[in-house]
1. How many of the residues in the stretch 461-502 are in a loop (DSSP other than H, G, I, E, B), hydrophobic (A, V, I, L, M, F, W, C) and at pLDDT 85 or above?
2. From the list Asp567, Asp571, Asp613, which one is of a type outside the set (Lys, Arg), free of Cβ contacts under 8 Å to residues at least 24 places away in the same chain and farther than 16 Å from Asn71 by Cβ?
3. Would you please name the residue that is farthest from Thr504 (Cα to Cα), looking only at residues in the stretch 37-92 that are in a helix (DSSP H, G or I) and of a type in the set (Val, Ile, Thr)?
4. Do you know which residues across the stretch 149-197 are touching a residue at least 40 places away in the same chain (Cβ under 8 Å), at positive phi and of a type in the set (A, V, I, L, M, F, W, C)?
5. Pairs under 6 Å by beta carbon, first residue under 15 Å from Asp313 (Cβ atoms) in the stretch 266-284, partner in a loop (DSSP other than H, G, I, E, B) and hydrophobic (A, V, I, L, M, F, W, C), six or more apart or different chains?
6. Filter the stretch 576-604 down to the residues that are among the β-branched types (Val, Ile, Thr) and over 22 Å from Gly100 (Cα atoms) and list them by number.
7. Looking only at the stretch 657-676, which residues are of a type outside the set (Ser, Thr, Tyr) and out of contact with any Lys or Arg (no Cβ under 8 Å at 6 or more places or on another chain)?
8. Between a first residue in the stretch 35-62 that is more than 21 Å from Gly75 (Cβ to Cβ) and surrounded by fewer than 21 Cβ atoms within 10 Å (Cβ to Cβ) and a second residue that is basic (Lys, Arg) and at pLDDT 90 or above, which pairs have beta carbons less than 9 Å apart while being 6 or more apart in sequence or on different chains?
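The values are calculated or read from the model by the stated rules, or taken from the named source; none is laboratory data. Given the structure is predicted, the values throughout are model-derived calculations rather than measurements. Here the Cβ is made from the backbone with ideal geometry for all residues, glycine too, and neighbour counts use every protein chain on show.
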Amino acid sequence: MFKYFICSLSLFISSTSAFSQIKKDTIALSGITLQGSPIKNLLQNSAASVAVISSIDIAKSDGIILTPILNKIPGVTMQQGALNTNRITIRGIGARSQYGTNKIKAYFDGIPLTSSEGETTFDDIDLASIEKIEIIKGPNATSFGSGLGGVIQLFSRETPSLKSFGKLTTTFGSFGLVQQRLSAGYSDAKTNLFTSYTDLEVDGYRVNSAYKRKSFNLHGKQKIGTKGNLSFLGVFTRLKAFIPSSINETDLKNNPDRAASNWAAAKGFESYDKVMVGLGYEHRFSNKWSIQTSLFSNLKNAYEPRPFDIIDDKTIAIGYRANVNYKDRLLNLPLELSLGTETQYENYNYALFRNLYQSQPSQGSIQGDKFSAMKQNRNYSNYFLQMVLLLSDRLHLETGLALNSTNYSLKNVFENTTTGVKEPFSFGTVLSPRVGLSYKIINGKNLFASLSNGFSTPSVAETLTPDGQINTNLKPEIGWNYEMGFKGNWLKNKLYTEITLYSTQITNLLVARRTAEDQFVGINAGSSSHSGLEFLVNYNCVLWNNLTITPYFSGAVNNFKFQEFIDGNADYSGNQLTGVPQKQFNFGLDLNIKNGFSINSSFRTMGKIPLNDSNAKYSERYSLLDLKTTYVFTVIKNIKIELNAGVNNVLDTKYAANILPNAVGFGAAAPRYFYPGNPVNYYGGLSVGYLF
């Protein structure tokens, strides 16, 4: 009945049209000011390919996961095997990661979501707490250090100026989806507060895929005098997510809802409590001098029963970020400089226990004896200098230089914590320069070009040999990025176009060689080339002064390949890069009617993906269609109600939503490459807000 209700509601909203006066939207996408960089700049004038996702864009999805939102961005691919299993790649960087996202830096209001060893987790950020997302593609963000693929910055939601509100939201959907959210905000001339609490539960489409997450978010800003601003961010997350893991090709076609047999038998899951807090202060001393500083900390207490063991781990991270900006003129040319640093210290402790699930069938995981324990200290430091110089009214020069240092130490604390040998290791210092130019041809139309260098260090797991020793021969991946493009507004800012050509050449290519189901070692095995074309077209059309139609089209055509890649006796030179599609396109059409109705549609295609380095197998190409309808109206004076309904995967496509690159079948088992995507699924929601 729920299915037919959603279909009927979608049809009703889609067929309704009431016409009244609406205001033209003449605000160009290119006129957005980028917040993430220490030196603020307009998107139009930035000498880099930067994508901006607004809260309006986020609201066009089901509000549960980022996947359909990020996959609209050309050059960005997010594969989602489960709500807690995903991999984000930018321009193919990080595509061969085994289980998560690496080689990309991420921040939430300046607080790193990326660990000191380069792994990034977005799963536990509630979408309702995000106001905007900025994505800098490639190594074009000097002030954020390592991150060969780029930087993703999330900004917390704020309460509208001089407003106060309370809001209750409930969403129901297929596979037992229930999400309840309570949010509130307060704003006056000096203070801005926003808080939300979200309870999300999903039974899941697959066996052993239930998911429960509770999250609390608090964000505040306070003006200090006329020149200072104090900000605070606190996020608490409690998660328990069962893990169905990957399956083989036969099961993908015939039984996609099943879990891997060993994970199902062990009833494997991950659970953790996580706290993220940050305190920032911004002060403008004069028209020339200003400073931004922030202190932050991440705490995580996790427990994960897996078929091969049970891991109990704890992470404590503290860090500091600061930059001093200076504005003046150089040879009578406007100049802005930013000098800053980011440092992070992370302590990671873990213990491994035997999993005795096979001794008592149907009972799930049973913790046995401890057989390993390690303590890791990780240190990350980045020092940067960034400059923007206006050579003329039309020509802008951007330059930057970053100096990075990454090191850590390991200590085996299993047998005797007083005699364990501490093994320090450092990747030394890495210098990363960047230069970019942006030229305004005429108003609203810019050409840009840039040359930049980036790097990514191996994770701790990749530096360890099978016997637990550090492989001191590993080197960071180094990449040079060459990029040029065009950004343009047309038809009185109704049409925005962007096209980018790039080539990133990576040396010291890091390869994860699998030695067991739960083990792999890292080796530097050659070089890779990442070249491609990205484009974006957005059109905002107002019809009859009451209906706004916004079609968009974006895509990426990639040529990602191994230039030189020899792994043991196998030569993969010239093969396509594993784990990322060569083509990806997105089409969409949004309809907005003045009386509160809107319809959002999204159609995306994903090209076939090489599953292994030999290119012997590929995933199948697939297309997905998503639809959402929304109706917003006001009751009495201050009560606003929103009804929404949507369908994901309208065409009921069978596809692999995530793949495990270079999966190996041990014994007689077939390789488990695939995480099946959800079939057609429905959702609907109601929110009631009161404006004070």
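1. 1
2. Going through Asp567, Asp571, Asp613 in turn, just one is of a type outside the set (Lys, Arg), free of Cβ contacts under 8 Å to residues at least 24 places away in the same chain and farther than 16 Å from Asn71 by Cβ: Asp571.
3. That would be Ile56.
4. Selection gives Phe175 alone.
5. Pairs that qualify, where the first residue is under 15 Å from Asp313 (Cβ atoms) and the partner is in a loop (DSSP other than H, G, I, E, B) and hydrophobic (A, V, I, L, M, F, W, C), are Phe269/Ile243.
6. Scanning the stretch 576-604 gives Ile593, Ile599.
7. Residues satisfying the conditions are Ala657, Ile659, Phe666, Gly667, Ala668, Ala669, Ala670, Pro671, Arg672, Phe674.
8. Between residues of the stretch 35-62 that are more than 21 Å from Gly75 (Cβ to Cβ) and surrounded by fewer than 21 Cβ atoms within 10 Å (Cβ to Cβ) and residues that are basic (Lys, Arg) and at pLDDT 90 or above, the close pairs are Ser55/Lys132; Ser55/Arg157; Ala59/Lys628.
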